[in-house]
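Colleague: Right, I'll just put the structure down here and ask away after.
The values are calculated or read from the model by the stated rules, or taken from the named source; none is laboratory data. Every value quoted in this text rests on a predicted model; they were computed, and no experiment measured them. Glycine also receives a Cβ, built like all others from the backbone with ideal geometry; neighbour counts cover every protein chain displayed.
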Amino acid sequence: MSVVAMSAVAMSAVAILSRCTEALIAHYGKSEFDDELRCAKDAYSERRGRVFEEDEQWERFTRGLLEWYVVERPWRNTGCAPAVLAQAEERDDETLTALRALASSQRSLAQIRSVKKGRMDVLDMVGGAEFSVQEERSLIGLEKGDIVELRLLGYGGVVSLGRTFLFHPSGTAAAIANIVEMMRGQSASRADIIDRMALLRSRSQSYRHVSPIRIYESNGELASA
C-alpha cells in the first residue's frame, strides 16, 4: 500500500510537495513510532537549540523538525530517510516524482537577491550558487538582502521552496557571512553550518535583552555566558 495517496486532480508544485510531506509525516508520526520521533527531536534540539511548547518559536520549530524527520533523517538502521523508503511502495508516477524531489532537496542558508511576483532570486551562502526560484506564496516582509533558511526542491523543471522557513534577524548578514566562511574553512558540513545559524536564531529569541547582532557577532558566546 502506498504511503502517499494523492488526488488525480492537477495541483501546483508547492501543493503537491506539501501534501506529499504531510502524508509522510502522518505515516512516520504514528504512535508506534513515538520512540523514533523522540530520538529525532532530541538530536534536532541538540543541534539547533531546545524549544519548549510554551515558547512562541514552538510551531515553527515543530514544522522544521517534522520536515527534517521525513526528508533528511535516516530511518532506524536503513540508512535512508522516509522520503527515500516510501519510493519503493509508490506506484503513482506524479507522487513518485514528488518523493524523489523531496529526497534530493537541500536546505539552504539563502540571501535574497530579488523578489518579484511569483519568483525570487537567491544566493546559497554555503555553496555559493545562485537560484531563480518559483514561489506562488506571498512571503510578507521578505526583502532584498534578507537571510532565510529554506529548502530548495527541483520539481517539474523549476526550483521551488519547501514548506518551512527560518528568517534571520535584520542586520546579521555580515556576522553570518563571517561564520559561514570560518566554518567552511574548518570543513564543516552544510547541515552543521545551517544548524549553527539556527542555534543563534534561537538564542536571539531567548535572550531578548541582548542585541541579535551582538549574539551573531559573538557566535553565540554572549548568550551562553
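Colleague: Residues to consider are Gly79, Gly127, Gly64, Gly141; find the one that is at pLDDT 90 or above, small (Gly, Ala, Ser), closer than 22 Å to Thr172 by Cβ and part of a loop (DSSP other than H, G, I, E, B).
Modeller: Answer to the selection: Gly127.
Colleague: Filter region 106-119 down to residues that are surrounded by fewer than 22 Cβ atoms within 10 Å (Cβ to Cβ) and among the hydrophobic types (A, V, I, L, M, F, W, C) and give me whichever is farthest from Leu152 (Cα to Cα).
Modeller: Restricting to residues being surrounded by fewer than 22 Cβ atoms within 10 Å (Cβ to Cβ) and among the hydrophobic types (A, V, I, L, M, F, W, C), the top hit is Val115.
Colleague: Val126 - would you say it is of a type in the set (Val, Ile, Thr), at negative phi and under 15 Å from the mean Cα position of the chain (by Cα)?
Modeller: So Val126 passes the test.
Colleague: Still on this model: Scanning for something touching a strand residue (DSSP E or B) at 6+ places or on another chain (Cβ under 8 Å) and surrounded by fewer than 19 Cβ atoms within 10 Å (Cβ to Cβ), does region 6-22 turn up at least one residue?
Modeller: For region 6-22, residues touching a strand residue (DSSP E or B) at 6+ places or on another chain (Cβ under 8 Å) and surrounded by fewer than 19 Cβ atoms within 10 Å (Cβ to Cβ): present.
Colleague: Any residue at all in region 161-173 that is surrounded by 20 or more Cβ atoms within 10 Å (Cβ to Cβ), touching a His at 6+ places or on another chain (Cβ under 6 Å) and over 20 Å from Glu46 (Cα atoms)?
Modeller: So far as region 161-173 goes, no, none of its residues is surrounded by 20 or more Cβ atoms within 10 Å (Cβ to Cβ), touching a His at 6+ places or on another chain (Cβ under 6 Å) and over 20 Å from Glu46 (Cα atoms).
Colleague: Which of the numbered conditions does Met183 fail, given that it passes all the others? Conditions: (1) within 20 Å of Glu130 (Cβ to Cβ); (2) in a helix (DSSP H, G or I); (3) of a type outside the set (Asp, Glu).
Modeller: All conditions are met except number (1).
Colleague: What tally of residues in region 79-98 results from selecting those that are out of contact with any Ser or Thr (no Cβ under 8 Å at 6 or more places or on another chain) and either over 17 Å from Gly29 (Cα atoms) or of a type in the set (Phe, Trp, Tyr) (or both)?
Modeller: Count: 8.
Colleague: Further question on the same structure: With the condition kept exactly as written, say whether any residue in region 73-81 is farther than 19 Å from Ala191 by Cα and either without any contact (Cβ under 8 Å) to a residue 40 or more places away in the chain or touching a Gly at 6+ places or on another chain (Cβ under 9 Å) (or both).
Modeller: yes
Colleague: Looking at (1) within 27 Å of Ile25 (Cβ to Cβ); (2) part of a strand (DSSP E or B); (3) in contact with a Ser or Thr (Cβ under 7 Å, 6 or more places away or on another chain), which one does Val148 not meet, given that it meets all the others?
Modeller: (3)
Colleague: Does Ile213 count as buried (at least 18 other Cβ atoms within 10 Å of the Cβ), of a type in the set (Val, Ile, Thr) and in a helix (DSSP H, G or I)?
Modeller: no
Colleague: Since Ala86 meets every condition but one in (1) loosely packed, with under 12 Cβ neighbours inside 10 Å; (2) among the small types (Gly, Ala, Ser); (3) more than 19 Å from the chain's Cα centre (by Cα), which condition does it not meet?
Modeller: In the conditions (1) loosely packed, with under 12 Cβ neighbours inside 10 Å; (2) among the small types (Gly, Ala, Ser); (3) more than 19 Å from the chain's Cα centre (by Cα), Ala86 misses (1) alone.
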